[in-house]
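Enquirer: This is the structure I want to talk about, given as structure tokens.
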Amino acid sequence: MNYPTRTQVAIIGAGPSGLLLGALLHKAGIDAVIVERQSGDYVLGRIRAGVLEQVTMDLMDEIGVGARMHKEGLVHGGFDMLFQGQRHRIDMNRLTGGKNVMVYGQTEVTRDLMDARKQAGLTTIYEAANVAIHDFGAGKPRVTFEKDGKSHELQCDFIAGCDGFHGVCRDTVKKSAFASAIREYEKVYNFGWLGVLSDTPPVHHELIYVNSERGFALCSQRSNTRSRYYLQVPLTDKVEQWSDQAFWDELKLRLDPEAREHLVTGPSIEKSIAPLRSFVTEPLRFGRLFLSGDAGHIVPPTGAKGLNLAATDVKYLSAALIEFYQDKSEAGIDHYSERCLKRIWRAERFSWWFTTLMHRFPENGEIGQKLQEAELDYIVHSETGARSVAENYVGLPLDFGT
Ligand code: FAS
Ligand code: PHB
């Protein structure tokens with residue numbers, strides 16, 4: 001099989017960032033090749049995010065892949081916060097003047113983007129081994145990789161690092177002439193999220209965020225017949241330790257009587273433990289290399305921001321690259337990092353704050369617990385407090401920070 005040796009933008013990674021960027025560039029007539037180390041099925045098999053902000057929904061529509069999302073996605077105008085045995089609904093729609101979120105799994109977003117890319121006859125090189133990036137500081141960046149037992153080179157004008165937290169791009173920057181320019185900010189939480197996906201009807205028509213004395217839990221969903229649940233577990237836990245029955249028993253202990261009564265349990269079709277961290281790289285541009293999505297930042301999933309931040313990163317990057325090619329201006333690419341980071345830090349703050357509010361931190365002692373209870377009480381009994389949660393959860397407008 002012959003692979004392209006030249007393109008305008010080489011995209012590393014075929015997750016939501018890479019696929020969305022590829023679609024936005026294609027719409028503007030800019031050639032981009034995606035190089036992905038896993039198979040397409042492997043990428044689809046990763047169970048990740050579940051909630052889309054309006055900005056992400058709009059981007060799906062902009063590139064013409066929103067039909068199934070609107071048909072199968074679930075529009076949510078609020079969610080419940082459960083603590084001390086009481087449920088309190090955050091009415092996002094009322095508190096934000098009509099904004100909602102869409103419950104539509106990342107797997108489905110990725111599938112829609114993959115199908116559209118294939119239909120357009122665009123090149124995605126899956127199962128590429130030993131992907132490496134070179135000469136991105138000067139004007140002749142290139143990507144090398146191995147495929148079908150041969151070495152390949154892809155010359156390009158720009159490289160988009162959409163290769164996630166464990167990717168090669170940020171790591172290469174740290175070993176390059178840019179090593180002194182890159183800063184990393186990180187906070188690691190001392191617990192993880194044990195997640196279960198099951199073909200069972202959701203326990204409630206909206207999400208329930210739980211802060212119980214046994215720990216955090218989240219009742220989410222993918223459709224009216226498929227549910228997604230999470231439990232806060234110690235980082236030392238291994239998923240093999242958790243039988244399905246043990247998971248359901250623990251979840252019930254963290255729920256209120258009504259939810260316990262309505263919970264339908266069943267076999268897990270996916271079960272995994274994800275670590276939680278807050279992480280930001282500054283800057284996000286190194287010569288002709290740009291970092292987008294998880295390659296540049298990670299949020300604890302409590303605020304449902306990860307996928308949505310990736311979407312706005314690549315919207316900003318695509319606009320900058322379009323400006324470069326169409327207007328011969330470098331203003332957009334010069335401003336890319338600053339524009340993304342304003343939004344990223346806002347999402348990092350909310351995701352960190354909501355994580356500290358909804359999880360148990362025994363190390364904070366009794367007063368830590370009392371202070372958390374006081375903050376929860378304030379949030380659900382103050383219009384201002386509840387609006388603060390609602391406006392952050394539905395997300396910032398696309399033109400934020402311009
Ligand atoms: P991704 O990690 O999705 O994609 C990066 C792609 O690059 C992958 O396909 C990878 O195979 C590829 N790649 C890596 N190294 C490469 C190399 N050297 N060469 C070529 N390709 C390479 N967000 C939420 O909002 N809610 C959640 O509940 C949630 N849960 C999550 C659970 C887990 C375990 C993880 C890891 C993340 C979770 N996230 C969640 C965040 C997640 O949804 C990300 O924000 C989203 O996947 C970001 O998309 P990308 O930036 O495309 O990164
Ligand atoms: C999910 O459905 O996977 C999900 C929803 C909301 C979150 C995190 C994950 O905050």
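Read-outs: derived from the displayed coordinates by stated rules, not from any lab. A quick note: this is a predicted structure, and the numbers were derived from the prediction, not measured. Counting neighbours? That spans all protein chains shown, and the Cβs are built from the backbone with ideal geometry, glycine included.
Enquirer: At 7 Å along Cα-to-Cβ for each site, give me the label-to-label distance between T384 and S151 in nm.
Expert: Taking the two extended label points, one gets 6.4 nm.
Enquirer: Working out 0.36 nm times the residue gap between T5 and R349, then minus their Cα-Cα distance, what length gain in nm do you get to one decimal?
Expert: Taking T5 through R349 to full extension adds about 119.7 nm, to one decimal.
Enquirer: State which entries of K174/K342; K99/K315; K118/K147; K187/K305; K147/K305; K150/K271 exceed 25 angstrom in Cα-Cα distance in the structure shown.
Expert: Listed pairs above 25 Å: K147/K305; K150/K271.
Enquirer: Run lengths n ≥ 4 of DSSP H only: what is the helix-derived mean residue ellipticity at 222 nm for the chain, with -39500 (n - 2.57) per run over all residues, to the nearest 500?
Expert: -11500 deg cm²/dmol
Enquirer: Once you order the gyration tensor axes a ≥ b ≥ c over the Cα atoms, which shape class does the stretch 172-246 get: rounded for a/c under 1.5, otherwise prolate or oblate by comparing a/b with b/c? Please list the in-between numbers first.
Expert: Numbers: a/c = 2.58, a/b = 2.08, b/c = 1.24.
Taking the square roots of the gyration eigenvalues as a ≥ b ≥ c, the stretch 172-246 is prolate.
Enquirer: Moving to a separate point now. For a Förster distance of 35 Å, can you work out the FRET efficiency between the beta-carbons of Q245 and D91, rounded to the nearest 0.05?
Expert: Once the sixth-power term is evaluated, E becomes 0.50.
Enquirer: For the stretch 63-172, what ratio Rg/Rh do Cα atoms give with a Kirkwood hydrodynamic radius?
Expert: The Rg/Rh ratio comes out at 1.16.
Enquirer: Here is a follow-up. Compute the long axis of helix 306-327 from its Cα atoms, compare it with the longest principal axis of the Cα atoms of the chain, and write down the angle in degrees, 0 to 90, nearest 10.
Expert: The answer is roughly 30 degrees.
Enquirer: Given a Förster distance of 25 Å, report the FRET efficiency between V188 and R214 from their Cβ-Cβ distance, rounded to the nearest 0.05.
Expert: 0.65
Enquirer: Once R0 is set to 25 Å, what does the formula 1/(1 + (r/R0)^6) return for the Cβ-Cβ distance between S272 and T356, expressed as a FRET efficiency to the nearest 0.05?
Expert: 0.60
Enquirer: Mind putting together the pair-distance distribution for the stretch 307-402? All Cα pairs, 10 Å bins, whole percent per bin, short to long.
Expert: Here the calculated profile for the stretch 307-402 is 14, 33, 24, 17, 9, 3.
Enquirer: Given just the C-alpha atoms of the chain, how large is their convex hull per residue in cubic angstrom?
Expert: Given the Cα convex hull of the chain, per-residue volume reads 146 Å³.
Enquirer: Now, a different point. Quick one: V103, V35, fewest Cβ neighbours within 10 Å first, how do they rank?
Expert: Ranked by crowding around the Cβ, least crowded first: V103, V35.
Enquirer: With point charges of +1 on the Cβ of Lys and Arg and -1 on the Cβ of Asp and Glu, referenced to the Cα centre of the chain, which listed residue (F290, L341, T355) lies farthest in the positive direction of the dipole?
Expert: The residue sitting farthest along the positive end of the dipole is F290.
Enquirer: Same structure again: Once label points are set 7 Å from the Cα along Cα→Cβ at both Q38 and F400, what is their separation, rounded to one decimal in nm?
Expert: Simple spin-label model gives 2.7 nm for this pair.
Enquirer: Under a 5 Å amide H to amide H cut-off, with H placed in plane at 1.01 Å, what residues pair with I125 once short-range neighbours are removed?
Expert: Hits under the 5 Å cutoff: I34, V35, E36.
Enquirer: Expected output is a single nm value to one decimal: the length gained when fully extending between A28 and H134, i.e. 0.36 nm times separation in residues minus the C-alpha distance. What is it? Don't skip to the answer; put the middle values down first.
Expert: On the way: separation 106, 0.36 × 106 = 38.16 nm, distance 2.60 nm.
Length gained between A28 and H134: 35.6 nm.
Enquirer: Count charges around L25 for me, please; just the other residues with Cβ under 13 Å from its Cβ, Lys/Arg as +1, Asp/Glu as -1.
Expert: Working: positive: K27, R117, K315; negative: D31, E62, D157, E323.
Neighbourhood net charge equals -1.
Enquirer: For the stretch 115-222, what log10 I(q)/I(0) values come out of the Debye formula at q = 0.10 1/Å, with one point per alpha carbon and no solvent?
Expert: -0.59
Enquirer: Here's something else I'd like to know. Once you place label points 7 Å from the Cα toward the Cβ at I367 and E330, how far apart are they in nm?
Expert: It works out to 5.4 nm between the two label points.
Enquirer: Taking the square root of 5 times each eigenvalue of the Cα gyration tensor, what semi-axes in Å does the equivalent ellipsoid of the stretch 45-84 have, largest first?
Expert: So the equivalent ellipsoid measures 24, 13, 10 Å along its semi-axes.
Enquirer: Provide the three semi-axes, in whole Å and in decreasing order, of the ellipsoid equivalent to the stretch 1-57 as defined by the square roots of 5 times the Cα gyration tensor eigenvalues.
Expert: 23, 17, 7
Enquirer: Another question about this same structure. From the phi of every residue in the stretch 6-11, what ³J(HN,Hα) in whole Hz does the Karplus formula 6.51 cos²θ - 1.76 cosθ + 1.60 yield, where θ is phi - 60° and glycine or proline is x?
Expert: 8, 8, 7, 10, 8, 9
Enquirer: To continue, here is another question. Residue by residue through the stretch 242-251, which ³J(HN,Hα) values in whole Hz follow from phi under the Karplus form 6.51 cos²θ - 1.76 cosθ + 1.60 (θ = phi - 60°), with glycine and proline marked x?
Expert: Karplus values, whole Hz, x for Gly and Pro: 9, 6, 4, 4, 5, 5, 5, 4, 5, 4.
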